[in-house]
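Step one of this worksheet: look at the structure below.
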Amino acid sequence: MSMPVPLFAAVGTIHGCPINVIRRRNAYFKVSSSMDHHNLSKVKSNSLRVLEWDKLCHSVASFARTSLGRQATKAQLWSLDQTFQESLRLLQETNAAILMHNHDSFNLDLTSVDLALVESAIKHARRGLPLDANEAMALLSLLQFVEALQLSLKAAIKQDSDWYKQFMPLSEMITQLVVNRSIIKLIQQVIDEDGSVKDSASSALKKARDQVRTLERKLHQLMDKLIRNETKEAALMVASSVGGRWCISSGTDQPTGFKGLLLSSGSGSIIEPLAAVPLNDELQQARALVAKAEADVLLMVTEKIQMDLDDIEKSLRTAIQLDMIYARATYSLSYGGTYPNIFLPEDIDGPLMAEPYRSKDKTSQASNPKKEWIFYLPKAYHPLLLQQHREKLSTARKNVRSAAAEIRRRKMQAENMAVKGEAEIDLSSLQKQVRALEEAPPVPVDFFISQKTRVLVITGPNTGGKTICLKTIGLAAMMAKSGLHVLSSESAKVPWFDCVFADIGDEQSLSQSLSTFSGHLKQISEIQSQSTRRSLVLLDEVGAGTNPLEGAALGMSLLESFARSGALLTIATTHHGELKTLKYSNDAFENACMEFDEENFKPTYKILWGVPGRSNAINIAERLGVPSSIVDNARELYGAASAEIDEVIMDMETYKQKFQELIKESRHYLTMSRGLHEKLLVSRRKLQDLGTQQRYKKMRELSEAAAVARSTLHKKVRQLRTSTMKQSQLSKASKRKLANNYKHATAVENELQGTNMSSSSIQVIKQPQSEKITELPRVGDTVHVSSLDKRATVLKVDTSKEEIVVQAGIMKLKLKATDVQR
């Protein structure tokens, strides 16, 4: 057997996904689907196993739409060998895919594209072999998928050029692809949608197929004639094709009335009539011609594809990568994931923190988490628990629908009442199961770990959720590193860990003759040697499995070692009370405990931060009815000092709960105040807009009134000019007076044209001296304004200045008393 020939020299990785693009007999993209543990050290692979990372990889990969995409997704997620920059790019890809999904004009679903057939087509083209029709159609689907993506991207950019930046790096990935439209047109011209070569693909093919149809028609007529001539056995005879040759099958072995070649006998016989032999031979030759003509057409398509094979290979690699990104994005959308802000531990102040590119049309964005936290994960869910709960709820709802349908079916069939009553009881119980699942969803936990903390010690009762907390934080760290959104509320802040180590569960090794305790120590020792200042270490029940005093001492020593020179962050669960005291002697330690509801005798699965856990065994025993003498003796043996410590811890827990309630209440009021503030801002904007509208309205009214005033004044001025021209016979003194009036009216006209004068404006018009009034008029008197040759009513009299305000029509004028006549 010859060695496989490499298709490319070395493609490397697709952002951390080791995809070997090699030319094999059955594989174009060879992706490790078995998740080879030999590439990782044993301690790392054990850590991934106990954290159930493989199950999460499988869950995410199930969202991919192609087999190659699923294999590549599993390989990429399992490797966990991304650098910090690669993790940033993976997160940007996932976020861009979610933005494209929300845009509604993009379709990243590759369900309609068979990438395995495209792989086979490229392999055949490389070897110079003709593609089959199905491979050509798969290639057509890929090219149409890429073309549709490019058109959608161009349309979005045309609508808003900022979309190109928002969709990065996917926009760059899509625009770099090259699609040859001539290949698409050629395949559409020669290949039918059902995967067969069209008759119109070539004249030779059409001629050969016409010949085949003619010969088959002649053979059908011949077989029908021979069967009708068989009077006795005609009902048991039927024409059939055997090996491409038309024969007559008989249900008996009785001799027939026609001569032929016996092909089979026994329970029946198959005979090729002699009269059909020449036609069958011609039919075989015609079919051979059809096959050759189809091969020629497909070879022509193959030769066309070979000219653009490099671009097609790039499209295939990109399609697999897009399917991986699509799987991560749809997983996040399905489970409500959140973009995590990742950062390098040495850059804890945040200069390299990853920020998602948010759509510019969003008016408000979530604020960054506070910088004092090294791990900020509010309301985080264990992804596998959430998936399990959803699956159970989905199954329960499906059972309810099936039961309801069964009840309707039985009612339609008018079954007896006993059966119907039984079905209704089943439906009621199923509905109760659905309600129970809906009312008991997985409980999210909050992780707020400060920068100065290097070791977190979590205590609490068995089945209280300590191990789930460890797995949740470990999975969240690995999800963020591999480009997945974490299942938490907004503002998640997660350090970039080079590796996550875990020692969880029963590590007893019979093959190495190690006990449970020895197995744990061996695993922890390897973790200690391989962890770095960028690692996350998770230890479950540290110091357990041996003498409590020795186990506690060993546990304290291990945790102090990790705090002094070990991983960036170590989280350990324990039942040893001595480990709780480390916080009070070393600032690198922090305590937390799992809350326990003593009234209902069950854990709440919530974390109380800064509070060491206390023992509840004696109190639970008392509540469960253990004789008081035994309980009292246990308390005496436990010791008064320990009881006092537990009482102090209980007070701390109560204080912590009240504090959390106050925080919750303050957040509620803060949310309300923010809402009121936003409403006030909206009201303020509305009032400002209303004031602006009112000012514009008033200015418009004043402008209209001024226009009316100017029109009236222009009319009076024209009348005055006409009157002046007609009175040329007047005396020189009168002419001089009229000339002065004319000049004055012209000046007033020019002044009014330069300003907006309202109907209520008061203008001071100076008039040449005329006949003086020895006595000031009174309010209400009627006077004659010589300059306007019009009567006016006195509105106001100022005796000190000898000025009066008069109204002449729609105008109010302020004049000297000497400017008017009685």
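If packing is taken as the average count of other Cβ atoms within 10 Å, what order do 482-495, 378-391 fall into, highest mean first?
Result, highest mean Cβ count within 10 Å first: 482-495, 378-391.
Rounded to the nearest 0.05, what FRET efficiency do residue 775 and residue 700 give with R0 = 35 Å and r taken as the Cβ-Cβ distance? Could you check?
Calculated transfer efficiency: 0.20.
Using the alpha-carbon centroid of each, what span in Å lies between segment 152-186 and segment 487-503?
34
Mean separation of Cα pairs under 8 Å and 6+ residues apart, divided by the residue count of segment 136-243: what relative contact order is that in percent?
20
Which FRET efficiency, nearest 0.05, do residue 692 and residue 148 yield, Cβ-Cβ r, R0 56 Å?
With R0 = 56 Å, the Cβ-Cβ based efficiency is 0.75.
From largest accessible area down, sort 408, 534; use a 1.4 Å probe on the protein chains.
408, 534
If I take every Cα pair under 8 Å that is 6 or more residues apart in segment 781-821, average their sequence separation and divide by the length, what percent do I get for the relative contact order?
Relative contact order of segment 781-821: 35 percent.
Quick check: net charge around residue 55, other residues with Cβ under 15 Å of its Cβ, Lys/Arg +1 and Asp/Glu -1?
+2
Give me the log10 of I(q) over I(0) for segment 781-821 at q = 0.15, 0.27, 0.33 Å⁻¹, as the Debye formula computes it from C-alpha points; what are the numbers?
-0.27, -0.89, -1.28
Heavy atoms of the protein only, probe of 1.4 Å, neighbouring chains included. What is the accessible area of residue 67 in Å², nearest 10?
50
Show me the ranking of peptides 43-52, 73-82, 182-191 by mean Cβ neighbours inside 10 Å, starting with the highest.
73-82, 43-52, 182-191
Just add up the charged neighbours of residue 607: K/R +1, D/E -1, any other residue whose Cβ is under 10 Å from the Cβ of residue 607.
Taking every Cβ under 10 Å from that of residue 607, the sum is 0.
Measuring from label point to label point, each 7 Å out along Cα→Cβ, what is the residue 85 to residue 398 span in nm?
4.6
Given R₀ = 30 Å, FRET efficiency for residue 452-residue 386 by Cβ-Cβ distance, to 0.05?
Taking R0 as 30 Å, the efficiency between residue 452 and residue 386 is 0.45.
Using the Cα atoms as the points, what is the convex hull volume per residue of segment 69-121 in Å³?
Each residue corresponds to 107 Å³ of Cα convex hull volume.
If we sort 133-139, 562-568, 287-293 on the protection proxy, mean other Cβ atoms within 10 Å, highest first, what's the order?
Packing proxy ranking, top to bottom: 133-139, 562-568, 287-293.
About the Cα centre of segment 781-821, how large is the charge dipole given +1 on each Lys and Arg Cβ and -1 on each Asp and Glu Cβ? Please answer in debye to the nearest 20.
The calculation lands at about 140 debye.
Beyond 28 Å between alpha-carbons counts as too far, so tell me which of 74/602; 165/686; 379/481 fall in that bin.
With Cα atoms farther than 28 Å apart: 74/602; 165/686.
What is the sum of charges around residue 805, taking Lys and Arg as +1, Asp and Glu as -1, for the other residues whose C-beta is under 9 Å from the C-beta of residue 805?
Computed value for this residue: +1.
What is the spin-label model distance, in nm, from residue 372 to residue 200 if the labels are put 7 Å beyond Cα along the C-beta direction?
In this crude label model, residue 372 to residue 200 measures out at 7.6 nm.
Arrange the residues 479, 300 by how much accessible surface each exposes, largest first, with a 1.4 angstrom probe.
I get 300, 479, largest accessible area first.
For a quick check of understanding: with a 1.4 angstrom probe and all protein chains in place, what accessible area in square angstrom does residue 209 have, to the nearest ten?
About 40 Å², rounded to the nearest 10.
So if the hydrodynamic radius of segment 120-205 is defined as the Kirkwood radius over C-alpha pairs, what does Stokes-Einstein give as its diffusion coefficient at 37 °C and 0.692 mPa s, in µm² per second?
Translational D for this selection: 220 µm²/s.
The values are calculated or read from the model by the stated rules, or taken from the named source; none is laboratory data. Every value quoted in this text rests on a predicted model; they were computed, and no experiment measured them. Don't worry about glycine lacking a Cβ; one is built from the backbone with ideal geometry, like all the others, and counts go over all protein chains shown. With ligands, DNA and RNA removed, areas are computed over all heavy atoms of the protein, side chains included. Shrake-Rupley method; radii C 1.70, N 1.55, O 1.52, S 1.80 Å.
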